[in-house]
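**Q** Just passing along the structure, written as structure tokens.
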Amino acid sequence: MYDVVVVGAGPAGSAAARRCAGYGLKTLMVEEHAALGYPVQCAGLLSRAAFQECGVSSDAIVREVTGASVISSMGSVLNFDAGVTKAHVVNRGLLDREMAQRAMDEGAELRLKTYAYALRDGVLCTKGVRGHEEVRYRLLIAADGPRSPVSRMLGMRRPPVYLSGIQAEVPYSMEGSHVEIYPDASPDFFGYAIPVEEGRARVGLCGMRDVPARFASFASQFGDSCMHLVTGTIPLGQMPCSYGQRTLFVGDAAGLAKPTSGGGVYTGVRSGYHAADTAVECCENDAFSDAALFRYEQGWKDDFGRELDLGMRFFSLRPRITPEHVDEVCRALDTPKMKDLIVRYGDMDRPAALLGHLLKNPAMFRVIRSIARSELWRIIN
């Protein structure tokens with residue numbers, strides 16, 4: 001019997017397994033794919049804090065990012081640069097493999113090309129290269145992605161919103177230390193271009209509808225060639241309960257992606273650590289009731305729950321923001337004072353502080369009031 005079985009060996013699952021094994025728990029990771037980090041379904045842009053949380057070497061870093069350009073379809077461009085590294089562009093395949101290796105270095109076991117298909121009475125039923133197995137466990141950690149088969153097996157309620165995304169790697173030269181954001185490329189989210197190696201970029205967008213057509217129109221400005229094309233799903237709005245039935249849900253499986261950016265590595269890894277802390281306490285006390293598991297959800301909510309709630313409130317405003325509004329926002333922020341605030345308080349993982357400072361500026365207040373006067377007061381109070 002294993003103390004902990006982790007389903008999924010992405011960043012959230014590997015982080016949880018590494019800490020569980022480090023605590024001395026007998027830990028198994030089960031991964032349905034034959035290779036870690038593939039298929040790649042991520043833009044690969046991590047804040048410095050997110051990368052540090054992963055606890056890996058710098059081998060996976062392919063670019064350092066110091067700033068960004070927000071490009072309106074109506075002609076305004078907002079450029080800002082911190083002058084120091086604020087984020088890393090990474091090779092997700094290398095990152096995921098090193099994180100899983102670190103978990104194994106701590107003593108966790110890993111089974112690739114093995115998928116879970118049923119759960120019953122503390123037993124995980126799997127099929128894979130080792131054939132059919134019934135794996136007994138004391139606690140299960142579900143790190144099995146946006147659609148989370150484990151949650152469906154247990155009848156758990158899922159996150160309320162799912163975005164579809166398409167990303168291509170294309171031959172395209174751009175400023176090597178800046179990412180480009182195109183809010184109007186997808187009216188319910190945004191499009192982006194991220195520099196990779198010299199002469200290459202990742203371009204993509206996410207949205208709730210018409211994503212293939214939007215992507216085709218957006219990507220056409222970067223040429224006709226494509227070296228790599230992927231699709232993915234981003235869950236927004238955490239599942240109503242991220243624990244239950246001897247199971248903790250982490251990362252995308254719990255709907256913990258950031259509504260402001262769609263990124264899920266930081267919140268995924270942090271939730272994995274909270275899950276591991278709960279796992280060791282439950283195993284030491286031999287207590288696995290929902291009351292004992294509640295500590296996990298309380299932990300991640302105290303950590304970054306407010307950021308997710310704030311992000312969902314702004315996400316709900318997104319359909320009301322027109323290209324004219326985007327252009328007005330770019331112009332309002334394009335002053336030395338406002339760009340200094342962005343550089344000083346900007347945080348990809350915890351945007352609440354920056355939003356609070358920006359909303360105090362009269363110019364921004366007028367812009368946002370024109371979008372949704374009543375909604376603004378609900379957000380900032």
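The values are calculated or read from the model by the stated rules, or taken from the named source; none is laboratory data. What you see is a predicted model; the values in this text were computed from it and never measured. Methodologically, a virtual Cβ is constructed for each residue, glycine included, from the backbone with ideal geometry; neighbour enumeration extends over all protein chains shown. Quick note on the areas: whole protein, heavy atoms, side chains included, nothing else; ligands and nucleic acids left out. Shrake-Rupley method; radii C 1.70, N 1.55, O 1.52, S 1.80 Å.
**Q** Would you mention how many residues in the range 125-150 are open to solvent by less than 50 Å² (accessible area, probe 1.4 Å), over 28 Å from the mean Cα position of the chain (by Cα) and among the β-branched types (Val, Ile, Thr)?
**A** The total comes to 1.
**Q** Let me ask something additional. Looking at the range 318-328, is at least one residue within 21 Å of the chain's Cα centre (by Cα) and hydroxyl-bearing (Ser, Thr, Tyr)? Steps first, please.
**A** So in the range 318-328, the residues within 21 Å of the chain's Cα centre (by Cα) come out as 318.
Applying the additional criterion that residues be hydroxyl-bearing (Ser, Thr, Tyr) yields none.
Looking for residues that are within 21 Å of the chain's Cα centre (by Cα) and hydroxyl-bearing (Ser, Thr, Tyr), one finds none in the range 318-328, hence no.
**Q** So, one more: Checking residue 40 against (1) of a type in the set (A, V, I, L, M, F, W, C); (2) closer than 23 Å to residue 263 by Cα; (3) at pLDDT 95 or above: exactly one of these is not met. Which one?
**A** Exception for residue 40: condition (3).
**Q** For residues that are within 25 Å of residue 36 (Cα to Cα) and not in a loop (DSSP other than H, G, I, E, B), tally how many sit in the range 141-175.
**A** Residues meeting the conditions: 16.
**Q** Taking residue 201 as the residue in question, decide whether it is assigned to a helix (DSSP H, G or I) and of a type in the set (A, V, I, L, M).
**A** On the way: assigned to a helix (DSSP H, G or I): no; of a type in the set (A, V, I, L, M): yes.
For residue 201, the condition - assigned to a helix (DSSP H, G or I) and of a type in the set (A, V, I, L, M) - is not met.
**Q** Could you please find all residues in the range 104-140 being small (Gly, Ala, Ser) and in a loop (DSSP other than H, G, I, E, B)? Give the steps one after another, and end with the answer.
**A** Quick first cut of the range 104-140, residues small (Gly, Ala, Ser) only: 107-108, 116, 118, 122, 128, 131.
107, 108, 122 - these are the residues of the range 104-140 that are small (Gly, Ala, Ser) and in a loop (DSSP other than H, G, I, E, B).
**Q** May I ask you to list the residues in the range 177-198 that are part of a loop (DSSP other than H, G, I, E, B), of a type outside the set (Asp, Glu), more than 14 Å from residue 218 (Cα to Cα) and open to solvent by 20 Å² or more (accessible area, probe 1.4 Å)?
**A** Going through the range 177-198, the residues part of a loop (DSSP other than H, G, I, E, B) turn out to be 177, 186-189, 196-198.
Now restrict to residues that are of a type outside the set (Asp, Glu): 177, 186-187, 189, 196.
Pick out the ones that are also more than 14 Å from residue 218 (Cα to Cα) and you get 177, 196.
Residue satisfying the conditions is 177 alone.
**Q** Sticking with this one: If residue 27 meets every condition in (1) under 22 Å from residue 256 (Cβ atoms); (2) open to solvent by 30 Å² or more (accessible area, probe 1.4 Å); (3) β-branched (Val, Ile, Thr) apart from one, which number is that one?
**A** (2)
**Q** Being within 30 Å of residue 26 (Cβ to Cβ) and touching a residue at least 60 places away in the same chain (Cβ under 8 Å) is the filter here, so list the residues in the range 287-321 that pass it.
**A** Of everything in the range 287-321, just one residue is within 30 Å of residue 26 (Cβ to Cβ) and touching a residue at least 60 places away in the same chain (Cβ under 8 Å), namely 288.
**Q** Taking residue 224 as the residue in question, decide whether it is at pLDDT 95 or above and outside any strand (DSSP E or B).
**A** On the way: at pLDDT 95 or above: no; outside any strand (DSSP E or B): yes.
So residue 224 fails the test.
**Q** Would you say residue 200 is over 20 Å from the mean Cα position of the chain (by Cα) and within 30 Å of residue 240 (Cβ to Cβ)? Before you say what the answer is, go through the steps one by one.
**A** Details: over 20 Å from the mean Cα position of the chain (by Cα): yes; within 30 Å of residue 240 (Cβ to Cβ): no.
The answer is no for residue 200.
**Q** Would you confirm, using the coordinates I've provided, whether residue 192 is of a type in the set (Phe, Trp, Tyr), within 30 Å of residue 28 (Cβ to Cβ) and under 19 Å from the mean Cα position of the chain (by Cα)? Spell out the reasoning first.
**A** Details: of a type in the set (Phe, Trp, Tyr): yes; within 30 Å of residue 28 (Cβ to Cβ): no; under 19 Å from the mean Cα position of the chain (by Cα): yes.
Here the answer is no, as residue 192 does not meet what is asked.
**Q** Within the range 40-85, can you find the residues that are open to solvent by 50 Å² or more (accessible area, probe 1.4 Å), in a loop (DSSP other than H, G, I, E, B) and within 16 Å of residue 264 (Cα to Cα)?
**A** 41
**Q** Taking into account only those residues within the range 5-19 that are farther than 15 Å from residue 37 by Cα and not hydrophobic (A, V, I, L, M, F, W, C), which is most open to solvent (accessible area, probe 1.4 Å)?
**A** Per the criteria, the residue is 19.
**Q** Quick check on the range 151-176: of everything there that is open to solvent by 50 Å² or more (accessible area, probe 1.4 Å) and in contact with a helix residue (DSSP H, G or I) (Cβ under 6 Å, 6 or more places away or on another chain), which residue is nearest to residue 76 (Cα to Cα)?
**A** Of everything passing the filter in the range 151-176, 172 is nearest to residue 76 (Cα to Cα).
**Q** Let me ask you something else. Please enumerate the residues belonging to the range 322-360 that are among the acidic types (Asp, Glu) and in contact (Cβ under 8 Å) with a residue 24 or more places away in the chain.
**A** Taking the range 322-360 and keeping what is among the acidic types (Asp, Glu), we get 324, 327-328, 334, 340, 347, 349.
Once the filter is applied, which keeps residues that are among the acidic types (Asp, Glu) and in contact (Cβ under 8 Å) with a residue 24 or more places away in the chain, the range 322-360 yields 324, 327, 328, 334, 347, 349.
**Q** Separate question: Tell me which residues, restricted to the range 232-251, are open to solvent by less than 10 Å² (accessible area, probe 1.4 Å) and at negative phi.
**A** Within the range 232-251, 235, 236, 239, 242, 247, 248, 249, 250 qualify.
**Q** Then there is this: Give me a count of the residues in the range 52-62 that are within 16 Å of residue 103 (Cα to Cα) and free of Cβ contacts under 8 Å to residues at least 60 places away in the same chain. Please lay out each step first, then the result.
**A** Going residue by residue through the range 52-62, those that are within 16 Å of residue 103 (Cα to Cα) are 52-57.
Retained after the next criterion (residues that are free of Cβ contacts under 8 Å to residues at least 60 places away in the same chain): 52, 55-57.
Number of matching residues: 4.
**Q** Would you be able to say whether some residue in the range 168-180 is at pLDDT below 95 and closer than 22 Å to residue 10 by Cβ?
**A** So far as the range 168-180 goes, yes, one or more of its residues are at pLDDT below 95 and closer than 22 Å to residue 10 by Cβ.
**Q** Taking residue 215 as the residue in question, decide whether it is buried (at least 22 other Cβ atoms within 10 Å of the Cβ) and either farther than 17 Å from residue 7 by Cβ or out of contact with any Lys or Arg (no Cβ under 7 Å at 6 or more places or on another chain) (or both).
**A** Details: buried (at least 22 other Cβ atoms within 10 Å of the Cβ): yes; either farther than 17 Å from residue 7 by Cβ or out of contact with any Lys or Arg (no Cβ under 7 Å at 6 or more places or on another chain) (or both): yes.
Considered against the rule, which asks whether it is buried (at least 22 other Cβ atoms within 10 Å of the Cβ) and either farther than 17 Å from residue 7 by Cβ or out of contact with any Lys or Arg (no Cβ under 7 Å at 6 or more places or on another chain) (or both), residue 215 comes out as yes.
**Q** Can we say residue 39 is touching a residue at least 24 places away in the same chain (Cβ under 8 Å) and within 20 Å of residue 348 (Cα to Cα)?
**A** On the way: touching a residue at least 24 places away in the same chain (Cβ under 8 Å): yes; within 20 Å of residue 348 (Cα to Cα): no.
Criteria not met by residue 39.
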